């Protein structure tokens, strides 16, 4: 393969990569992943510093895993580990809903209300005249 063909293929690959990046899909995905990771830390902080202490105040522990634990042939059976996972899921889902989804929905509704319909364009003189001619013709009785 000649050097010119190799450069053309490399240029084609680079142009394809440039098109892929410039479409925005890859950038949007990367931004979403980074923001999701950062937001995950915020939600974890809310759950561990606010909601789990509330659970500890109610049940005596922030984690229900140790409740009703029994051993069967050396294996620890912890049915409340599932309950703890479900509660954590619900707490994270509630935090996301009340702190992100509801405010964004309210903001979107507010934006939709404030957007005004564009004013209708004024009719040109030609359009007004043609409308008058049409109306006059329509008002005349047909001659039989």
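Worth pointing out:
- Every condition in (1) closer than 30 Å to residue 49 by Cβ; (2) at pLDDT below 85 is met by residue 141 except one, and the failing one is (1).
To keep it simple, each residue is scored yes or no on (1) more than 20 Å from residue 44 (Cβ to Cβ); (2) part of a loop (DSSP other than H, G, I, E, B); (3) at pLDDT 85 or above.
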site: 63; (1), (2), (3): no, yes, no
site: 71; (1), (2), (3): yes, no, yes
site: 81; (1), (2), (3): no, no, yes
site: 88; (1), (2), (3): no, no, no
site: 106; (1), (2), (3): yes, no, yes
site: 122; (1), (2), (3): yes, yes, no
site: 126; (1), (2), (3): yes, no, yes
site: 131; (1), (2), (3): yes, no, yes
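The values are calculated or read from the model by the stated rules, or taken from the named source; none is laboratory data. Since the structure is predicted, the reported quantities are computational estimates derived from the model, not experimental observations. Positions of Cβ are backbone-derived with ideal geometry, glycine not excepted, and every protein chain shown enters the neighbour counts.
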